[in-house]
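Only one structure is covered here, and it is reproduced in the block below.
The values are calculated or read from the model by the stated rules, or taken from the named source; none is laboratory data. Please read all numbers here as calculations on a predicted model, not as lab measurements. Here the Cβ positions follow ideal geometry from the backbone for every residue, glycine too, while neighbour counts run over all protein chains shown. SASA here: full protein model, heavy atoms, side chains in, ligands and nucleic acids out. Shrake-Rupley method; radii C 1.70, N 1.55, O 1.52, S 1.80 Å.
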Amino acid sequence: MRPALPRLHAITDERVARRADLEDVAHELAAGGGTELAFHARGRELSGLEHHALAVRLSDRPTVRLFVNDRLDVALATRASGVQLSSSSLAVGDARRLEPAWWIGRSVHDLAEARAAQAEGADYLLVGPVFATPTHPDRAAIGLETFRAVARLGLPAVAIGGVTPVRVLEVRRAGAWGVAAIRALWEAGDPAETARRMVEELTQ
């Protein structure tokens, strides 16, 4: 049986992917998040070789579950647990044929996209940005009401966008299965404690 979808998703970008201390911070996040943590190897500007190297660096601990964004070839090569698809990625059905055991998520930004992803057969939804975020300064926050409407569709909804440790309980009360973050995790003063605290808020 496939393990449950992780609650806490630590997503990389190009800047994080190229940090010299990536493995050190990843080790701390894994220590705090345990089996509820998933690393997402993501970096739209990375070459295929860089993306593969990133995935390998993130998946060198037995408790870690690796998800790969967009690059399904990298996901196959690194035996990832799941993939995260954007609007420009392959269809969910095509990804499912490549590896039926994957958790397959779709990134959505409103209720209409969420309904389409559900109809397509996605296993979970990455929904956002829920709050304003410097990662996507040109994209308006969807807010908790829209997030709540997406969560009511019944698929596990993972909130992303401006989600900090103090906001985890708020999005959980809005129906979030889990949360995803870049800065809140990779730039935390104490990554292990931050991950532990966020998981606790999601599971208590």
Complete set of residues in the stretch 36-51 that are closer than 9 Å to V68 by Cβ and in a helix (DSSP H, G or I): H51
So D70 ticks every box in (1) farther than 15 Å from L126 by Cβ; (2) open to solvent by less than 70 Å² (accessible area, probe 1.4 Å) but one. Which box is left unticked? (1)
Residue check for A80: among the small types (G, A, S), under 20 Å from V56 (Cα atoms) and assigned to a loop (DSSP other than H, G, I, E, B): yes
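Suppose we keep only residues that are open to solvent by 10 Å² or more (accessible area, probe 1.4 Å) and touching a strand residue (DSSP E or B) at 6+ places or on another chain (Cβ under 9 Å) within the stretch 57-67. Which one would you say is nearest to E113 (Cα to Cα)?
Going residue by residue through the stretch 57-67, those that are open to solvent by 10 Å² or more (accessible area, probe 1.4 Å) are 57, 59-65.
Filter once more, so that each one left must be touching a strand residue (DSSP E or B) at 6+ places or on another chain (Cβ under 9 Å): 57, 59, 63-65.
Working: R57: 32, S59: 30, T63: 32, V64: 30, R65: 26 Å.
Restricting to residues being open to solvent by 10 Å² or more (accessible area, probe 1.4 Å) and touching a strand residue (DSSP E or B) at 6+ places or on another chain (Cβ under 9 Å), the top hit is R65.
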Can you find even one residue in the stretch 9-19 that is under 22 Å from V163 (Cβ atoms), small (G, A, S) and out of contact with any Asp or Glu (no Cβ under 9 Å at 6 or more places or on another chain)? yes
Among the residues of the stretch 57-77, which ones are at pLDDT 95 or above and either assigned to a strand (DSSP E or B) or over 18 Å from I182 (Cβ atoms) (or both)? L66, F67, V68, N69, L72, D73, V74, A75, L76, A77
Filter result for the condition that a residue is in contact (Cβ under 8 Å) with a residue 24 or more places away in the chain, farther than 25 Å from E14 by Cβ and in contact with a Ser or Thr (Cβ under 9 Å, 6 or more places away or on another chain), over A174, A117, A149: A117
Applying the selection to the stretch 24-45, what residues are more than 23 Å from P3 (Cα to Cα), modelled with pLDDT under 95 and over 14 Å from the mean Cα position of the chain (by Cα)? R44, E45
Leading residue by the ranking (farthest from L125 (Cα to Cα)) among those in the stretch 156-175 that are open to solvent by less than 30 Å² (accessible area, probe 1.4 Å) and over 14 Å from the mean Cα position of the chain (by Cα): P165
For the stretch 31-52, indicate whether the set of residues that are surrounded by fewer than 21 Cβ atoms within 10 Å (Cβ to Cβ) and either in contact (Cβ under 8 Å) with a residue 40 or more places away in the chain or of a type in the set (F, W, Y) (or both) is non-empty. yes
Among the residues of the stretch 83-106, which ones are within 20 Å of G175 (Cβ to Cβ) and open to solvent by less than 30 Å² (accessible area, probe 1.4 Å)? Q84, G105, R106
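With the structure loaded, tell me whether A26 is aliphatic (A, V, I, L, M), in contact with a strand residue (DSSP E or B) (Cβ under 8 Å, 6 or more places away or on another chain), under 23 Å from G189 (Cα atoms) and outside any helix (DSSP H, G or I) or whether it fails that test. Before you say what the answer is, go through the steps one by one.
Values: aliphatic (A, V, I, L, M): yes; in contact with a strand residue (DSSP E or B) (Cβ under 8 Å, 6 or more places away or on another chain): yes; under 23 Å from G189 (Cα atoms): yes; outside any helix (DSSP H, G or I): no.
Criteria not met by A26.
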